[in-house]
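Written out below as structure tokens is the structure these notes cover.
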Amino acid sequence: MKVSELMTPRVESIEPTTSLRTAARKMKELGVGALPIVENGKVLGIITDRDLACFAIAMGRDLNSEHVSRVMTKEVVSCKAGQDIAEAAKLMQAKKIRRLLVLNDD
């Protein structure tokens, strides 16, 4: 089985200047726990619900004015849509992560 068969097909991204509150609302609206942060077509990072809880809310950040770029995870781990799910699972286990950014061939 390929990653493309399990992945969320319609992914939305946000810009690094998006407020923490806007990011949280977008996650809730989409029913997701992570959003890629993209600027000029380049992935800069990813923000997860854990980033929001541990590095924004718990640290007392201003959710309305603080940008996601301040708390995002900069090391983005990715795989290809055509990759076998066993390979993706091994990568997730090795990196100790629960989410992968899935890239297409472009």
Of the numbered conditions (1) open to solvent by 40 Å² or more (accessible area, probe 1.4 Å); (2) in a helix (DSSP H, G or I), ARG98 satisfies every one except a single condition; which is it?
-> (2)
Please find, among THR8, THR22, THR17, the residue that is part of a loop (DSSP other than H, G, I, E, B), open to solvent by 40 Å² or more (accessible area, probe 1.4 Å), at pLDDT 90 or above and of a type in the set (S, T, N, Q).
-> THR17
In segment 78-95, what count of residues is obtained for those that are open to solvent by less than 40 Å² (accessible area, probe 1.4 Å) and either farther than 17 Å from SER4 by Cβ or not in a loop (DSSP other than H, G, I, E, B) (or both)?
-> 2
Spot the failing condition for PHE55; the list is (1) assigned to a helix (DSSP H, G or I); (2) out of contact with any Cys (no Cβ under 8 Å at 6 or more places or on another chain); (3) open to solvent by less than 50 Å² (accessible area, probe 1.4 Å), and only one is missed.
-> (3)
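The values are calculated or read from the model by the stated rules, or taken from the named source; none is laboratory data. Nothing here was measured: the structure is a model prediction, and the numbers come from that model. Every residue, glycine among them, receives a Cβ derived from its backbone with ideal geometry; neighbour counts consider all protein chains shown. Heads up: the accessible areas ignore ligands, DNA and RNA and are worked out on the full protein's heavy atoms, side chains in. Shrake-Rupley method; radii C 1.70, N 1.55, O 1.52, S 1.80 Å.
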